[in-house]
Amino acid sequence: MLDFLQRLHKEGNTIVLITHDNSIAAEAQRIIRLADGRIVYDGPSVPADQVQYAEGVHPMQPPARRYAEGVG
(Lines give C-alpha, C1' and ligand atoms only; values in the text may rest on other atoms or scores of the structure.)
Protein backbone atom coordinates (compact mmCIF):
# COMPACT_ATOMS: atom_id res chain seq x y z
CA MET A 1 0.00 0.00 0.00
CA LEU A 2 2.79 2.46 0.86
CA ASP A 3 4.47 1.77 -2.47
CA PHE A 4 1.23 2.67 -4.24
CA LEU A 5 0.88 5.93 -2.27
CA GLN A 6 4.53 6.82 -2.96
CA ARG A 7 3.98 6.24 -6.68
CA LEU A 8 0.92 8.49 -6.65
CA HIS A 9 2.94 11.18 -4.88
CA LYS A 10 5.76 10.95 -7.42
CA GLU A 11 3.13 11.53 -10.11
CA GLY A 12 2.31 14.87 -8.47
CA ASN A 13 -0.58 13.94 -6.21
CA THR A 14 -0.93 15.17 -2.64
CA ILE A 15 -1.39 12.33 -0.18
CA VAL A 16 -2.88 12.79 3.29
CA LEU A 17 -2.32 9.74 5.48
CA ILE A 18 -3.47 9.52 9.08
CA THR A 19 -1.68 6.99 11.26
CA HIS A 20 -0.56 6.26 14.80
CA ASP A 21 2.33 4.14 13.48
CA ASN A 22 5.56 6.16 13.57
CA SER A 23 7.29 3.70 11.23
CA ILE A 24 4.73 4.58 8.56
CA ALA A 25 4.83 8.31 9.32
CA ALA A 26 8.63 8.25 8.95
CA GLU A 27 8.15 7.55 5.22
CA ALA A 28 6.50 10.95 4.71
CA GLN A 29 8.24 14.14 3.63
CA ARG A 30 6.18 16.21 6.07
CA ILE A 31 4.52 15.29 9.34
CA ILE A 32 1.88 17.19 11.27
CA ARG A 33 1.58 15.86 14.82
CA LEU A 34 -1.50 16.56 16.95
CA ALA A 35 -1.99 16.39 20.70
CA ASP A 36 -5.38 17.09 22.25
CA GLY A 37 -6.58 18.55 18.95
CA ARG A 38 -3.69 21.00 18.63
CA ILE A 39 -0.80 21.00 16.19
CA VAL A 40 2.35 20.39 18.21
CA TYR A 41 4.70 19.72 15.29
CA ASP A 42 4.60 20.62 11.61
CA GLY A 43 7.77 19.91 9.72
CA PRO A 44 9.97 17.38 7.99
CA SER A 45 9.86 13.71 8.84
CA VAL A 46 12.10 12.91 11.81
CA PRO A 47 11.95 10.07 14.35
CA ALA A 48 9.31 10.75 17.03
CA ASP A 49 11.93 10.87 19.79
CA GLN A 50 13.81 13.66 17.96
CA VAL A 51 10.86 16.01 17.32
CA GLN A 52 11.20 19.49 18.82
CA TYR A 53 7.75 20.20 20.24
CA ALA A 54 6.31 23.53 21.30
CA GLU A 55 7.38 24.56 24.79
CA GLY A 56 5.51 22.65 27.48
CA VAL A 57 3.83 20.28 25.03
CA HIS A 58 4.81 16.71 24.32
CA PRO A 59 2.19 14.31 22.97
CA MET A 60 3.89 11.30 24.55
CA GLN A 61 3.20 12.74 28.01
CA PRO A 62 -0.09 11.40 29.42
CA PRO A 63 -2.94 13.96 29.09
CA ALA A 64 -3.74 13.84 32.81
CA ARG A 65 -0.20 14.93 33.63
CA ARG A 66 -0.29 17.73 31.03
CA TYR A 67 -3.53 19.08 32.50
CA ALA A 68 -2.27 18.75 36.06
CA GLU A 69 0.76 20.83 35.07
CA GLY A 70 -1.48 23.44 33.42
CA VAL A 71 -0.38 22.63 29.87
CA GLY A 72 -3.02 22.12 27.19
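The values are calculated or read from the model by the stated rules, or taken from the named source; none is laboratory data. Please read these numbers as outputs of a predicted model, since none were measured by experiment. In this analysis, Cβ positions are derived from the backbone assuming ideal geometry, glycine residues included, and neighbour counts consider all displayed protein chains.
What to note about this one:
- In the stretch 1-45, the residue that is modelled with the lowest pLDDT out of those that are touching a strand residue (DSSP E or B) at 6+ places or on another chain (Cβ under 8 Å) and part of a loop (DSSP other than H, G, I, E, B) is SER45.
- When residues in the stretch 3-28 are screened for being farther than 18 Å from PRO47 by Cα and either surrounded by 10 or more Cβ atoms within 10 Å (Cβ to Cβ) or in contact (Cβ under 8 Å) with a residue 60 or more places away in the chain (or both), 6 of them pass.
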